[in-house]
Amino acid sequence: VPDLAPITVGTPVSGVSGTSIQVSCGVTNQGSASAAGYWYDGIYLSTNAVPNPANATLLTAVFLNHNLAAGSSYGWTNSVSLPRVPAGASPSIAV
């Protein structure tokens, strides 16, 4: 079974609401079979200490069409616009 997992996520240390930042990500297939077809990697903004897509804001989705063998990896860089967050919040980016 394929098992895709992020191995690196890169973002600036800080950002300003209404501006764009660059987000980079490396993903590996740690499973025992190839992953083939279309899928997307989501970039989320969370104001929780532990980001969780269930309670985070999807900033964008990076759509992919790959044939990723077991043990292989891929990477991408994408620009996202930062939304406004409540005063005093400590947002973080997750993929």
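The values are calculated or read from the model by the stated rules, or taken from the named source; none is laboratory data. All values derive from a computational prediction rather than experimental measurement. No Cβ is skipped: glycine too gets one built from the backbone with ideal geometry, and neighbour counts run over all protein chains shown. SASA here: full protein model, heavy atoms, side chains in, ligands and nucleic acids out. Shrake-Rupley method; radii C 1.70, N 1.55, O 1.52, S 1.80 Å.
Things to note:
- Residues that are open to solvent by 80 Å² or more (accessible area, probe 1.4 Å) and aliphatic (A, V, I, L, M) within segment 37-62 comprise Ala49, Val50, Ala54, Leu58, listed in sequence order.
- The listed residue being in contact (Cβ under 8 Å) with a residue 24 or more places away in the chain and open to solvent by 60 Å² or more (accessible area, probe 1.4 Å), out of Ser72, Ser81, Ser24: Ser81
- Here Ser32 clears all of (1) open to solvent by less than 80 Å² (accessible area, probe 1.4 Å); (2) over 17 Å from the mean Cα position of the chain (by Cα) except the condition numbered (1).
- Among the residues of segment 27-60, those that are among the hydroxyl-bearing types (Ser, Thr, Tyr), under 17 Å from Val85 (Cβ atoms) and touching a residue at least 40 places away in the same chain (Cβ under 8 Å) comprise Tyr44, Ser46, Thr47.
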